[in-house]
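Each value in this text was obtained by applying a stated rule to the coordinates, not by laboratory testing. Note that the coordinates shown come from a computational prediction; the quantities given were computed from them, not determined experimentally. Heads up, the Cβs are rebuilt from the backbone with ideal geometry, glycines too, and the neighbour counts pull from every protein chain shown.
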Amino acid sequence: MSTPYPDSVRFLYALGNEYKTIKLGLERILTILEALGSPHRSGQFIHVAGTNGKGSTCAMIESVLRRAGMRTGLYTSPHLVEPTERIRINGIPLSPREFTAAFTRVHETAERLLHDGAIDMHPTYFETVTAMAFVHFRDAGAQVTVLETGMGGRLDATNVVDPLLSVITPVDFDHEKFLGYAIPQIAGEKAGIIKPGRPVVVSRQHPEAMQVLEQRAAEVGAPLLRASDRRVDHLTVHAYGSRFHTGGFQVECPLIGAHQVENALTAVAALDALGYSPEQIAGGIQSTVWPGRLERVRQQPDLFLDGAHNPAGARALAGYLRHFHHGKRVWMVFGAMRDKDLHVIGPMLFPLASELIFTTPNQTRAFQAEEIREISGESRARVAPSPKDALALLDAAAPDDVLVLTGSLYLVGEVRGLLMG
């Protein structure tokens with residue numbers, strides 16, 4: 001009998017935070033998938049890892065595949081408002097009924113395997129949702145699925161596929177406790193998705209990261225294509241997107257920020273390697289939607305949502321604000337999870353705010369707003385107990401001010417839910 005949707009979500013959350021309780025390794029997920037009929041061997045896959053930009057790159061690739069007439073799957077994490085967003089067919093998230101049906105199949109299979117002693121524990125939150133995604137993509141007849149890794153790559157639950165092609169976006173610091181405290185170490189984890197004989201497209205990288213990726217590709221005989229080798233002409237980055245020429249055609253990227261040029265170029269390189277036409281690539285990228293990443297959700301005043309939750313993300317947001325909104329009054333609402341280094345992220349972002357507001361997202365592992373003020377030393381900052389209270393403070397902004405809510409995708413998701421109803 002099928003579990004009601006709220007109960008399935010509650011059970012997933014009861015498994016614990018997906019990063020804190022993560023168990024890196026493929027044995028359990030492979031056992032579960034085989035018991036489910038090996039859905040990870042059905043259809044074709046494009047596998048994407050990296051520290052920053054992987055979600056945006058996935059969204060652009062999927063949009064092009066859909067424009068080219070493919071029935072697509074898209075698996076990303078984390079979600080902003082509902083976990084159903086993580087699993088999409090042709091760009092549309094699962095319905096609660098579909099999510100529940102997939103959960104029930106995976107959960108019942110896991111319980112049986114546990115009873116038989118075939119697995120050591122119930123699959124984690126991320127393993128469960130990953131198995132659900134594979135089952136749904138198979139049953140829904142997805143022809144090509146774009147898979148975003150959750151963390152790392154080598155031991156990530158998504159790393160059970162033999163992809164058409166792998167993609168590695170910029171490697172930087174994040175989740176150091178799990179992936180390592182040095183760029184080569186982190187790059188080694190990301191490089192784990194490079195498969196024998198399958199092409200890998202890599203974004204511009206730290207030299208030490210590129211060296212690791214090149215070495216892995218050479219070891220397994222994977223052709224390595226550098227997106228940065230593509231010639232870019234007539235580049236224009238404006239406040240609400242960018243455009244450039246590459247390979248004889250123009251790309252219009254609607255995703256905001258100079259860093260999205262690199263992501264768009266990586267998507268172009270991957271799609272070109274797979275044989276998609278310039279018209280399909282340009283049209284698909286132009287129609288890409290990727291919420292919560294420098295997303296403008298209101299005008300006059302402009303209100304942006306951006307999940308800048310690690311140093312590279314904070315750097316990108318800071319660069320955007322300095323370049324396109326210099327001299328404007330910036331209202332910044334910031335909330336973060338406890339695993340984030342405020343001593344690194346804070347100095348990049350907080351000095352840019354004319355009005356600084358700290359708040360507490362509705363997450364058990366979130367910093368309290370007062371803690372952020374104490375740790376950062378930003379005594380001028382106001383404290384809003386909840387994101388709803390923070391939004392109320394923004395009502396005092398003038399039409400030509402700039403409003404930014406940032407620091408955590410959980411904060412962004414909560415605010416997006418409030419704004420979009």
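Quick notes on this structure:
- By the count of other C-beta atoms within 10 Å, a proxy for reagent exposure, Val144, Val268 are ordered fewest to most as Val144, Val268.
- One quarter of the convex hull surface built on the alpha carbon atoms of segment 130-226 amounts to 6.1 nm², the projected area averaged over directions.
- Taking every DSSP bridge with both residues inside segment 268-421, close to 20 percent are antiparallel.
- The largest-to-smallest principal axis extents of the Cα set in segment 67-169 are 45, 32, 26 Å.
- Inter-part distance where segment 323-392 and segment 105-180 are each reduced to a Cα centre, Å: 33 Å
- Of all DSSP bridge pairs formed entirely within the chain, close to 35 percent run antiparallel.
- Annotation: amide H-H contacts under 5 Å for Asp172 (H modelled 1.01 Å from N, sequence separation of 5 or more, or interchain): Thr51, Asn52.
- Charge-dipole axis of the chain as Lys and Arg at +1 and Asp and Glu at -1 on Cβ define it, positive-most pick from Ile357, Gln299, Ala381: Gln299
- Equivalent ellipsoid of segment 9-142: semi-axes from √(5λ) of the C-alpha gyration tensor, largest first, are 25, 16, 14 Å.
- Lys, Arg +1 and Asp, Glu -1 on Cβ, resulting dipole of the chain about Cα centre, debye, nearest 20: 480 debye
- By the equivalent-ellipsoid construction on the alpha carbon gyration tensor, the chain comes out with semi-axes of 33, 27, 20 Å, ordered largest to smallest.
- The tail of the calculated P(r) for segment 169-249, taken as Cα-Cα distances beyond 14 Å, holds 67 percent of the pairs.
- Rotationally averaged projected area of segment 224-311 (alpha carbon convex hull; nm²): 6.7 nm²
- Rounded to 5, the percent of DSSP beta bridges in segment 175-288 classed as antiparallel: 75 percent
- Once the Kirkwood radius over Cα pairs is known for segment 295-420, the Stokes-Einstein relation at 10 °C and 1.306 mPa s delivers a diffusion coefficient of 113 µm²/s.
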